[in-house]
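What follows is a single structure, written as structure tokens, with notes after it.
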Amino acid sequence: MSVLVLGVSGSVSVYKACDLASKLVQAGHTVRTVMTHHAAELVSPQLFEALTGEAPFVDEFSEERQGGMDHIELAQAAELFLVAPMTGNLAARLALGIADDLVSTVSLAIAKGTPRLACPAMNPSMLDHPAVQRNLKALVEDGWEVMEPGSGNMACGDEGAGRLPEPAEILARVEELLSR
Ligand SMILES: Cc1cc2nc3c(=O)[nH]c(=O)nc-3n(C[C@H](O)[C@H](O)[C@H](O)COP(=O)(O)O)c2cc1C
């Protein structure tokens with residue numbers, strides 16, 4: 001059983017990340033959730049706390065938090081870093097090495113050799129945008145595994161590729177990466 005750091009960003013598919021977090025815990029893993037501010041606006045961190053038993057990390061600079069440097073402690077604890085869902089915005093920041101929030105800062109601090117799995121989720125036109133495709137390619141070149149988004153009807157009414165893969169598929173991929 002492993003310690004997973006789950007990075008969550010502000011996609012409409014964040015509701016599926018709740019199910020994913022629950023499935024990871026049911027599979028016996030410890031899940032430490034890190035949310036972008038936009039993710040925490042779409043879904044209350046309290047829901048992830050209820051599902052994982054641990055309060056998500058959102059803001060390393062908040063007045064309430066105590067202790068050392070969250071980005072380093074989380075990165076060092078991670079046996080696998082999973083980003084699901086990954087917005088187009090977060091893909092750009094991770095591809096460029098920008099560390100302007102806790103998810104992106106943890107990403108930079110993750111040790112070489114730790115498996116990193118990203119699950120992009122966005123509208124088909126966004127996914128098809130050259131900038132997004134360029135950033136996903138850069139992440140793969142940097143050693144990330146990027147899961148292929150699913151196709152179908154999107155929440156916005158469009159149809160095409162960009163859906164977050166089903167939580168069971170992501171869980172299966174996580175188990176494969178951990179078993180290597
Ligand atoms: C309701 C809602 C749903 C959104 N869904 C997505 C999405 O699925 N994928 C995406 O890339 N951006 C989506 N966005 C836009 C992002 O939230 C926006 O780009 C934001 O800056 C992302 O910030 P973050 O990557 O730090 O979470 C959505 C915005 C809203 C308001």
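Just so you know, all these numbers are worked out from the coordinates, no wet-lab data involved. What you see is a predicted model, and the numbers here were worked out from it, not measured in a lab. Positions of Cβ are backbone-derived with ideal geometry, glycine not excepted, and every protein chain shown enters the neighbour counts.
The table that follows gives values for the structure above.
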item: Residue in the range 150-168 that is away from the ligand (no atom under 14 Å from the Cβ), over 16 Å from Ala95 (Cα atoms) and surrounded by 16 or more Cβ atoms within 10 Å (Cβ to Cβ) present; result: yes
item: Residues of the range 71-80 classified as farther than 12 Å from Thr33 by Cα and in a loop (DSSP other than H, G, I, E, B), total; result: 1
item: Top-ranked residue in the range 8-21 [being more than 10 Å from the ligand (Cβ to nearest atom) and touching a residue at least 60 places away in the same chain (Cβ under 8 Å); ranked as farthest from the chain's Cα centre (by Cα)]; result: Asp19
item: Residue check, Val31 within 16 Å of the chain's Cα centre (by Cα), more than 14 Å from the ligand (Cβ to nearest atom) and closer than 26 Å to Met122 by Cβ; result: yes
item: Options Thr105, Thr114, Thr87: the member that is more than 14 Å from Gly7 (Cα to Cα) and not hydrophobic (A, V, I, L, M, F, W, C); result: Thr114
item: Residues located in the range 41-97, provided they are within 16 Å of the ligand (Cβ to nearest atom) and among the charged types (D, E, K, R); result: Glu41, Asp59, Glu60, Arg93
item: Hits in the range 74-97 - residues which are free of Cβ contacts under 8 Å to residues at least 24 places away in the same chain and surrounded by 13 or more Cβ atoms within 10 Å (Cβ to Cβ); result: Arg93
item: Candidates His29, His71, filtered to the one that is over 30 Å from Ser151 (Cβ atoms) and buried (at least 17 other Cβ atoms within 10 Å of the Cβ); result: His71
item: Count - residues of the range 115-127 that are touching a helix residue (DSSP H, G or I) at 6+ places or on another chain (Cβ under 8 Å) and either more than 15 Å from Arg163 (Cβ to Cβ) or more than 8 Å from the ligand (Cβ to nearest atom) (or both); result: 6
